[in-house]
1. Answer with yes or no whether A:Ala224 is assigned to a loop (DSSP other than H, G, I, E, B), surrounded by 17 or more Cβ atoms within 10 Å (Cβ to Cβ) and either in contact (Cβ under 8 Å) with a residue 24 or more places away in the chain or within 14 Å of chain B (Cβ to nearest Cβ) (or both).
2. Here is a list of conditions, (1) over 26 Å from A:Tyr17 (Cα atoms); (2) surrounded by fewer than 19 Cβ atoms within 10 Å (Cβ to Cβ); (3) under 24 Å from the mean Cα position of the chain (by Cα), and A:Lys274 meets all of them except one; can you say which number that is?
3. Based on what the data block shows, is B:Ala152 at pLDDT below 95, in a helix (DSSP H, G or I), surrounded by 15 or more Cβ atoms within 10 Å (Cβ to Cβ) and more than 14 Å from chain A (Cβ to nearest Cβ)?
4. Select from the range A:235-271 the residues that are of a type in the set (Val, Ile, Thr) and crowded, with 22+ Cβ neighbours inside 10 Å and write down the one among them that is nearest to A:Phe453 (Cα to Cα).
5. Among A:Leu51, A:Leu69, which is aliphatic (A, V, I, L, M), farther than 30 Å from A:Tyr399 by Cα and modelled with pLDDT of 95 or more?
6. Of the residues in the range A:95-112, how many are within 14 Å of chain B (Cβ to nearest Cβ) and crowded, with 17+ Cβ neighbours inside 10 Å?
7. Which of (1) surrounded by fewer than 23 Cβ atoms within 10 Å (Cβ to Cβ); (2) away from chain B (no Cβ under 14 Å) is the odd one out, the single condition A:Arg342 does not satisfy?
8. Assess whether A:Gly163 counts as being in contact (Cβ under 8 Å) with a residue 40 or more places away in the chain and not charged (D, E, K, R).
Amino acid sequence: MSKLNPADLQGFVLRGYNMPFARYCFLHFESPKRTRELLGRLLSMVTTGQLWDEKPKSAVSIAFTFQGLAALHLPLATLNTFPVEFQEGMKARGRILGDTGVNSAEHWDDLWREGSVHAWLGINGRSLEDVTTQFEAISTLMTETGGARCLGIQDAASLFEDGAFNAKEHFGYTDGFGNPDYVDICRKAQNGQGKLDKDGNWTPLATGELLLGYADEAGELPVAPVPHLLASNGTFMVYRKLHQNVGTFRAFLNKWSSLYGAGDDLAKEKLASKFIGRWRNGTPIESSPDAPDPDILQRPDKSTNFKYGSDPTGARCPLGAHIRRVHPRDSFGFDGRLINRRRISRRGLPYGHLAAAEDPSTPEEAAQWDAVDRGVIFMALNANLARQFEFVQQQWIAYGNDAHLGNEKDLLMGSHGEGEKFVVQGDANASNPPFVCSSLPNFVELRGGDYFFVPSITAIGMIAKELVDPR
Amino acid sequence: MANKNGSIYGLTLLCPILNDENASPSHDLQIREYLSELTADSQSPFAVAPGTHLARLVVMDDVVYVGMPACEEHLKSKYLVLESNFDGDLDDYLVGLATTIPEHLDAIWGHCNGYPGSSDKAKFVQYMKDCQLETTFLFAAVNDKTVTQTLAALQTQRAVAHFVAEHQGADSAKIQRDFIEFLKILDAIPPSKPAMNAQPRNIKTGGRNE
């Protein structure tokens, strides 16, 4: 087995930085020569996967669209070996991804409609000042070299509530539990994060499910561009700007929870938990169906360590709950083996300001809330966009057959048309009744994004020095 | 048992296509042309003829030589392949095809060796049986229900789901009253017709590992 060299990986491929601030810059290249000079000088600033003694103030990452690599004049014999979905880009894959209706490209931000984004440059920082300091240093470098023009920036930050940053998103759910473990990736393995073995124990996934150049779950090297050195230790990233209609969400939850169970505050939180599969504080409802349990949350081993095998009807966690859809664990039988090649690693942060705690009082006010620019920047890493991210999006978010839910889509993420519904299976218990939410609105709207190649440190150097040789 | 799974029959036919050097376009191309114009919606021949769960028609040109160490082999003929999962017995199904879609059968199989036409049903059935291969794998999504039962069940499921959503939280007496009424309506609804969701078929997944 290949040995992992963290010094050759971009750090954010290995781990989420857990820094509360980020700025994502979208670059356009105008001269391959000047861009190569820029990359050469940026190289020493890119944060690697090496463990640090002291956490830095900020971290820098870079990734390229197919247009970006073409604008850098990589050899055609290399460009043509990139996977088709990456060459096409996310916009062209809209029909496969179910990015229709309000999510279709004509509703995207200008930045993403034009297809002129060549690179994503991410700066994560411990404070906003740390981010802007690093951003200014890089901007200076871009100006000095003339290597790239910044088409736009996207600021993102953890939500700040009660005097502290938290891991919540704008609908109030604690997020970011579900990242898989991979062999040799330096995180400590956590039960529930890898794959199930035949004895029902959790073990890490093959490294090649995340990184190019390593064996994947099929024992094969992931499809990757040539030369091997350009691809190895790299990965592919999905970037999606997901606008959240917080007014719509609050109104929907209030409307339906008033009809659910006792119709009180606990019923409201319980219904909210049924949408996602976790209570809003993050407690998995499969483990704790009646109430959030802080004890489970404080123990990483418990917060992700559960299966659905003893809940085949969805009485505890609905079959269509978000986390059950996108990470079905053992739901499909065969010891969970059907899902091992459909896992993705998530990065990313919320953007926009936290909405007020009190709900909007009128539909007009709710509509005003919806218009506020806030949501999540969804970033996912995987070795194979088509097999992993696109499959999850197409089959498990935008369709329901694998979950025995026919055409039903994910409640929160789905692009809903008329007559769609969400079913809470429930049981005979009065506090856990079967329930149907119908007339689903669109809670989340895609505002743009693309597919990116995240090269290794070596590969950035090869590009900078014009050493990419496919022969 | 081969060919059968419960009440569902799995049929595989390999029918040799005429090899006439003077035909232009050649017979296999004429079949391809005809198949490419067929729809998968409710006007599909297999939706018009009764009993088909899933059917597929393919022109098989040859076996593909994949290089060393495989030895290079070729088929003696081009073949028209039919794979179909249907309800009931083979004879009834074939007679059903010959009765309901004779013009399609003759237009397609007219390019095959020895095809007797569909008007003489006994000869037609015998010809098809002569071309039959044993089927041991059936389409996984077909359970042991007939096409009509499956369509009715889906229709009932949709209607009941709608009824539940509409009556959630309603007074029990009203639910019962409406449900009795609902059952009458449901019974009276004509069964839906078989068809595939006829979306464009040019979806490219791009996944070379798929």
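The values are calculated or read from the model by the stated rules, or taken from the named source; none is laboratory data. The structure displayed is predicted, hence computed values, not measured ones. Cβ placement follows ideal geometry from the backbone for every residue including glycine, while neighbour counts extend to all protein chains displayed.
1. yes
2. In the conditions (1) over 26 Å from A:Tyr17 (Cα atoms); (2) surrounded by fewer than 19 Cβ atoms within 10 Å (Cβ to Cβ); (3) under 24 Å from the mean Cα position of the chain (by Cα), A:Lys274 misses (2) alone.
3. yes
4. This residue is A:Thr235.
5. A:Leu69
6. Count: 3.
7. (2)
8. Taking the combined requirement at face value, the residue does not satisfy it.
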